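Q: The structure is given below, and queries will be raised subsequently.
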């Protein structure tokens, strides 16, 4: 399958596809703030709202990559600030394992990003998407996933 | 016996000869073995970082590279004489400050390291050299107790104002081993020597040494304030560990008196001269005679108290 | 001359440039004056330390580089140590002096500059400082011929000023080399921009 | 396949300006299950909502997808719209086309493509939504207020006056807090005690308020409407019921200790009542200093106490209090200026803090209101105040403005000039922040008719010289040195969160900022609430405040509590976790990850036990779901199926 038409509009350069899981209380609000303050970041991301980053099962990450996403971002409240007090602490532990799992399955570790973004960090959200898109462009398309999908 | 690579710096060969001599005496007495760094050059002093940053980094850094090499050599050789587990010992507060901040800045920045490589044609290796101020070594490595035990002739009744100046304690990010606003290292060393340290407000007020030649008016005002505070606090003398401060405080007392509108006469000794006296060295060995401001007041006081003892 | 006629672009640029070169953010200054209050030479300054920062913030390059203050700064770092906004003003002063020098401006304090220059001359030649040579060179540069002569004599009598300055050949050559490389003309130009 | 309706909002030009609505609706019509698509200029408007209602009826819609602004804004709005058409409100899914798309992308083509993806994801998720019901829990009609300063007292009184019982917990032996230490208050110069004492008395006397002083909160369990708060009352070693507060004991007690109330400027005894108007007016033995506890003899107080109230063997008491709501009013501590080496604070006795000055100027203070130098008791001829000590100072780790200092400095300077017209007073300031009602006028009076010398500049150094304190400042307006030789220096120390506040916050699962102030639910719209339902904030625990702001904040918290306690029942979270007993292995790895202790092991018969979630306690974070090894745990509204459906449909 050709690597041209990423859903994010077909521009000449390779446009990575990022699936972002954002916790409702911090990171989703952070993404909202990026909007209300009219920041601009590449249209490479599709945000999935979850109550807490602690809800995210490593399985979702795999599924997204197998489904052809070039990168997965998991964003939650800063440690200590979790709305549910401890959720993000478990996230961290669980997803560090997930990262190893990925390499085991032949996905580049750089395809999974974990970031703490608070509701007041709209800029950080925008920057994260910018940086992640850039580094994924370097990393190139997730062939493994896309082939599986094709 | 601790070995140190020794960086005397330019002043100790000339304007601060007595510092050099007293440092050697004290080191000998306390069992610090000093191995002078071969082919050391000027640290650049305040004049260079006032004019040319690249120079202000390259000059001290060159010496740090030499020190690193010396340490490596010593590490290799089994011969204890050239060993230097103590690091690079620097008696001059100004050199100490230059060497330390240059090292910090270079370690922080790849670009500056590149500049250094370009400026010297060498590669930056000085990052891990332990640059130590003499005061730090006396106060931290040996400690007041060790000093106290080494004292042969306690300087009883001598009231001492410790003058730290700027470069020994500021900026704390660079030095950081004593309180920048109210340091105590010199005071504790003085006390260990049996003298009475005084708290006085101008411990760390700048004396303007950098302007000593070019703006005597300013220096007169600053030195005037410092001497006044020390005298009013009841000091018999000032001790310092900085050749710049010493030269300034010792040689500018006439101008200072004029500026302050009152006669200001106060002996200014190097901390090592004070310790040397307590260790029983005589004033000639310590070069007490080479000050412009007479130190007779101090020595006579000591001999007086010595007679009382007998 | 007055800052308000400077174009915003120019303003922004200079503050940022100085900040990065001094490794500190001059824009953080809110002019509380704590630096001035603790500065030993403030009484002699034409611009107070926080005013120097203010001009840098505004990008008033010519005005700030012509100031005497940047030459009077004694580099005691009392300001840097106490600044509530962690502005390393002493480093900023270094950068400004360097700028003034690289742009070949007439130093606001010729004698101070002369002292620095004489010092560098001696180093360039000797590798280590030789006070007597430096003093003479300074006197010739500054025209301050008579000042301190009696003191100089007294110091000499006490062996505090050597007639001949000896430093090992290796040291001398190494330092000469450093000067040569750093003062190479192409480098000059690079810095001036 | 459920019948899905899609409603795409223009949001005026906010979405339509960047996203090609027409293209989105066209694409939406092709998504599986979609039987109706329409677009509105403003879907949140009344006509917009009516449109949704009409379409649900006209097209027998079973799911609704709205492509509009962030669900954080209008999810509630659209749920009620859906509900009013007889559809379960949880059968709604929102695609965030504004904050996450039209507002962050400039390129129309890209934005439109993304909008289409977002709607596709929403449709896929909507198809798998299930109807959810909220259950209800009863509300315990009592509030616990933590902290007995003016904030806590105000909140307790407001709640009690509304007819709800309150337990008021105070760490120290008496109510009053810092306000009890103040002399007069700005901008009216009325006496602090005159305002506060009646409040303290009313609180103590109020039949619905149970004052527990010298007590601390040990443990907090449960959830909104049903908290269980464990309060530990420290032993006073005095029987509160018997003690009359006559004072015979502390007149005779031989041990002198620095008084906390007078901040080290005065002394108290080992058995003491912190101050004259203390509530409760009951003595307390400070066991760390009492001779009897330290050396086993003395007991003078016991002998002189006619009421026989001394109880050396008193033990601490633990009480478990059921409450529906909690108010945190833990207040502030004064910043310790000792970190300012350049100001010599803590080193020179005549350099004091603002709060210490209050004791010095107060008629009930150690000097009876006579302003004297702590060092030698001399009358000061010159006094310098230094503002912003421990505030607006990033180098000292305190970037924030402490809000009340400018005004208390002006007040203190005034009081000084009033008491000692011959004493010259200097105030070193950076800006005077006098935002409150009557504040600016007050400050202007201080600087004007009261002849206080305001000097604009931060002080560099303070040091003793020749028997006086040299204050080395700068007049940045003149560009000139402003060095004052003062006899007394007052450092206007900032407010910092009181010790232990952060620890308490963690126990309440309330977050706090980098300075340790507790975080409100919304900085503008919910300033007295927290993100933990049922826990509210009053006063300086949330940020520095003066008395008027504190009282207003406390009133706001009380109003929220009253609104909560007047409910018979509370609707619980509908999106809660559910364990499938069939699949659950009873490993209970879900229990430790639940922040609300909502999961218990339930006997499933035959030696088998399974996880059981209490829907009233579950807040729906889903941590247990991710922790479950056999996929027995599901989070309603965020099931694997629903989330994976979104993942599957992110791109065409």
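Q: To the nearest whole number, what is the average tally of beta carbon atoms from other chains within 10 Å of the beta carbons of peptide D:425-437? Before the final figure, lay out the partial values.
A: On the way: counts 0, 0, 0, 4, 1, 6, 2, 0, 0, 0, 0, 0, 0.
Partner-chain Cβ atoms within 10 Å, mean over residues of D:425-437: 1.
Q: Please compute the contact order of chain D in relative form: average sequence separation of alpha-carbon pairs under 8 Å and at least six residues apart, divided by the residue count, as a percent.
A: Relative contact order comes out at 13 percent.
Q: Go ahead and estimate [θ] at 222 nm for chain D from helices alone: -39,500 (n - 2.57) per DSSP H run with n ≥ 4, summed, over the residue count, rounded to 500.
A: The helix-only estimate for chain D comes to -7500 deg cm²/dmol at 222 nm.
Q: While we're looking at this one, here's another question. So, by mean Cβ neighbours within 10 angstrom, what's the order for D:317-326, A:55-64, D:442-451 with the highest one leading?
A: Values: D:317-326: 19.1, A:55-64: 22.6, D:442-451: 16.5.
Packing proxy ranking, top to bottom: A:55-64, D:317-326, D:442-451.
Q: Can you compute the FRET efficiency between residue D:13 and residue D:242 using 1/(1 + (r/R0)^6), with r the Cβ-Cβ distance and R0 = 60 Å? Round to the nearest 0.05.
A: My answer for the efficiency is 0.20.
Q: Count, for each residue of D:110-123, the Cβ atoms from other chains sitting within 10 Å of its Cβ, then give me the mean as a whole number.
A: Per residue, the number of nearby Cβ atoms from other chains is 3 on average.
Q: Which residue, A:14, A:125, A:107, tops the fluctuation ranking in a GNM of chain A built on C-alpha contacts under 10 Å?
A: Checking each option, the largest mean-square fluctuation is seen for A:14.
Q: Follow-up. Given R₀ = 25 Å, FRET efficiency for residue D:481-residue D:375 by Cβ-Cβ distance, to 0.05?
A: Here the calculated transfer efficiency is 0.45.
Q: Restricting the count to DSSP beta bridges whose residues both fall in chain D, what percent are antiparallel, rounded to a multiple of 5?
A: Bridges in chain D that DSSP calls antiparallel: roughly 50 percent.
Q: Taking the 0 to 90 degree range and rounding to the nearest ten, how far is the long axis of helix C:131-142 tilted relative to the main principal axis of chain C, both from C-alpha atoms?
A: The two axes meet at around 60 degrees.
Q: Can you compute the modelled spin-label distance between residue B:123 and residue D:401, with each label point 7 Å from Cα toward Cβ, in nm?
A: Spacing of the two 7 Å Cα→Cβ label points: 5.5 nm.
Q: If r is the Cβ-Cβ distance from residue D:566 to residue D:190 and R0 is 45 Å, what FRET efficiency results, to the nearest 0.05?
A: 0.85
Q: Could I ask something else about it? Note down the relative contact order for segment D:333-496 as a percent, whole number, built from C-alpha pairs under 8 angstrom at least six residues apart.
A: 30
Q: Could you please state, rounded to a whole Å, how far the C-alpha centre of segment B:250-285 is from the C-alpha centre of segment C:39-104?
A: Here the two parts' Cα centres lie 33 Å apart.
Q: How far is helix B:93-108 tilted, in degrees, relative to the longest principal axis of the Cα atoms in chain B, given as a value from 0 to 90 rounded to the nearest 10?
A: Approximately 30 degrees, to the nearest 10.
Q: Quick one: check the C-alpha center-to-center distance for segment D:257-318 versus segment B:1-25, whole angstrom.
A: 62
Q: Please give, to one decimal in nm, the separation of the simple spin-label points placed at residue A:101 and residue D:515, each 7 Å out from Cα toward the Cβ.
A: Going by the 7 Å Cα→Cβ label model, 4.3 nm.
Q: Test of understanding: extend the Cα→C-beta vector of residue D:41 to 7 Å, then name every residue of segment D:7-27 with backbone N under 17 Å from that spot.
A: D:8-18, D:21-22
Q: Between 0 and 90 degrees, rounded to the nearest ten: what's the tilt of helix D:150-161 against the longest Cα principal axis of chain D?
A: Rounded to the nearest ten degrees, it is 60.
Q: Before rounding to the nearest 500, sum -39500 (n - 2.57) across all DSSP H runs of length at least 4 in chain B and divide by the residue total; then give [θ] at 222 nm in deg cm²/dmol. Working shown, then result.
A: Working: 12 runs with 142 residues, N = 310.
Value at 222 nm, helices only: -14000 deg cm²/dmol.
Q: At 222 nm, what value in deg cm²/dmol follows for chain A if DSSP H runs of at least 4 each add -39500 (n - 2.57) and the sum is divided by all its residues, to the nearest 500?
A: Values: 5 runs with 62 residues, N = 150.
Taking each H run of at least 4 residues, the total per residue is -13000 deg cm²/dmol.
Q: Roughly what would the spin-label model give for residue B:140 and residue A:108, points 7 Å off Cα along C-beta, in nm?
A: For the pair residue B:140/residue A:108, the computed spacing is 4.5 nm.
Q: Here's something else I'd like to know. Rounded to the nearest 5, what % of the DSSP beta bridges within the protein assembly as shown are antiparallel ones? Please list the in-between numbers first.
A: On the way: 53 of 135 bridges.
Taking every DSSP beta bridge within the protein assembly as shown, about 40 percent pair in antiparallel fashion.
Q: Still on this model: What does the structure give for A:53-60 when I average, per residue, the other chain Cβ atoms found within 10 Å of the residue Cβ?
A: The per-residue average across the peptide is 6.
Q: Can you give me the C-alpha center-to-center distance between segment D:188-223 and segment D:553-594, rounded to a whole angstrom?
A: Taking the Cα centre of segment D:553-594 as reference, the centre of segment D:188-223 is 29 Å away.
Q: With springs connecting C-alpha atoms under 10 Å apart, model chain B as a Gaussian network and identify which of B:157, B:194, B:208 has the largest mean-square fluctuation.
A: Top of the fluctuation ranking is B:157.
Q: Expressed in nm to one decimal, what extension gain is obtained for the pair residue D:219 and residue D:441 from 0.36 nm per residue of sequence separation less their Cα-Cα distance?
A: Working it through step by step, the gained length comes to 75.3 nm.
All of the numbers you see were taken from the coordinates with simple rules; none came from a lab. All figures in this text were calculated on a predicted structure; none of them were measured in a lab. When we count neighbours, we look across all protein chains shown, and the Cβ atoms used for this are built from the backbone with ideal geometry, even at glycine.
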